Amino acid sequence: MRIFAFIPARYGSSRFPGKPLAPIAGKPMIRHVYERALSCPELSDVYVVTDDERISNCVEHFGGKVVLSGGTHLCGTDRISEAALKMELGDEDLVVNIQGDQPLFHPALISGLIAPFLEDDAILMTTLKCPIRDRKTVQNPNHVKVVTDAQGFALYFSRSPIPFLRDSGCDCLYYKHLGFYGFRMPFLTRFSRLPQGSLEAAEKLEQLRAQEHGFKIKVVETPYDSIEIDVPQDIEKMEKMLAQGQDPGGL
């Protein structure tokens, strides 16, 4: 079994055009993500997948590996599915989708993401969650929330606060969904061929496609959060943290 990491990266973003190339502490964000992925010991190899020559040139310039894809994909997972098929990955291989806007993630996140595949051959897809302690995060639609069943499989993902607390005195822990995904190669191919459902279209959350078509997603809890870069102001906050010697990823 080999484990390949793919980092989908696109130049066009309504909130932050050119985000993968935005500099953070002197290096483009995509390089931070790529180098962080290289520090994960379980990974056989790491690739950036993009349809943009500017991003491709940047990755090649710092010595990274890149796969060019088409430009009409609905989501990052569709993009990496094309790349994995181009590379002729085998049915026994695992594919990890690492978001290109989380430059300082903890390598232990990848260990947690792939663990269920090693324990249960029936697992097709995995993702991550971490506890939310800040009420502002619960209300922020940029931070996706997730609820799971007693066996750790996802019930639903939403940009809205879930679950809804009808009684003010109810004590419920919210969980933030971290946008890392693991796939068995055959299911990755199948996922990319499924039609987009109404929930995926409404929430703009690609993982809902699997749920709408009846597939289970194993959600692994981790104590490590992963800070996302959504708008330019987020870079200023991250650079300030780095200047103070605070690495959110623990390195």
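We did not get these values from a lab; they are worked out from the coordinates using the rules stated. No experiment lies behind these values; they were computed from the predicted model shown. As a convention, Cβ positions derive from the backbone with ideal geometry for all residues, glycine included, and neighbour counts pool all protein chains shown.
How far is it, in nm, from the label point at residue 15 to the one at residue 88 when both lie 7 Å from their Cα along the line to the Cβ?
Going from the residue 15 label point to the residue 88 one covers 4.1 nm.
Got a sec? How would 147, 219 order by Cβ neighbour count within 10 Å, fewest to most?
Arranged by neighbour count, lowest to highest, 147, 219 become 147, 219.
Specify which residue in the list 80, 197, 180 is farthest towards the positive end of the charge dipole of the chain, using unit charges on the beta carbon of Lys, Arg (+1) and Asp, Glu (-1), about the Cα centre.
Of the options given, the answer is 197.
What does the C-alpha gyration tensor say about the overall shape of the range 58-126? Classify as rounded when a/c is under 1.5, otherwise prolate if a/b is larger than b/c, or oblate.
In terms of gyration-tensor shape, oblate.
Between residue 137 and residue 244, 0.36 nm times their residue separation minus their Cα-Cα distance comes to what? Before the final figure, lay out each step's value.
Working: separation 107, 0.36 × 107 = 38.52 nm, distance 2.30 nm.
Answer, rounded to one decimal: 36.2 nm.
If R₀ is 25 angstrom, what is the calculated FRET efficiency for the pair residue 237 and residue 165, using the beta carbon separation as r and rounding to 0.05?
Approximately 0.30, to the nearest 0.05.
Between residue 68 and residue 201, with labels modelled 7 Å along Cα→Cβ, what's the label distance in nm to one decimal, could you check?
Here the answer is 3.2 nm between the modelled labels.
About the Cα centre of the range 32-151, what is the dipole size in debye to 20, counting +1 per Lys and Arg Cβ and -1 per Asp and Glu Cβ, all else neutral?
In total the dipole reaches around 840 debye.
Hey, can you rank 171-181, 194-204 by average C-beta count inside 10 Å, highest first?
So the peptides 171-181, 194-204, ranked by packing, come out 171-181, 194-204.
Can you give the FRET efficiency for residue 61 and residue 172, using 1/(1 + (r/R0)^6), R0 = 45 Å, r = Cβ-Cβ distance, to the nearest 0.05?
Efficiency, rounded to the nearest 0.05: 0.40.
Given q = 0.09, 0.10, 0.13 Å⁻¹, what are the Debye log10 I(q)/I(0) values for the chain, with equal point scatterers placed on the Cα positions and solvent ignored?
-0.37, -0.46, -0.81
Can you tell me what share of the DSSP beta bridges in the range 3-243 is antiparallel? A percent to the nearest 5 is fine.
50
In debye, nearest 20: dipole of the range 3-243 around its Cα centre with unit charges on the Cβ of K, R (+) and D, E (-)?
Using Cβ point charges on Lys, Arg, Asp and Glu, the range 3-243 gives about 660 debye.
Sequence gap of 8 or more, or different chains, plus Cα separation below 12 Å: how many lysine pairs satisfy both in the chain?
The number of close lysine pairs in the chain is 5.
Please give the contour-minus-distance gain from residue 216 to residue 120: 0.36 nm per residue of separation, less the Cα-Cα distance, rounded to one decimal in nm.
33.3 nm
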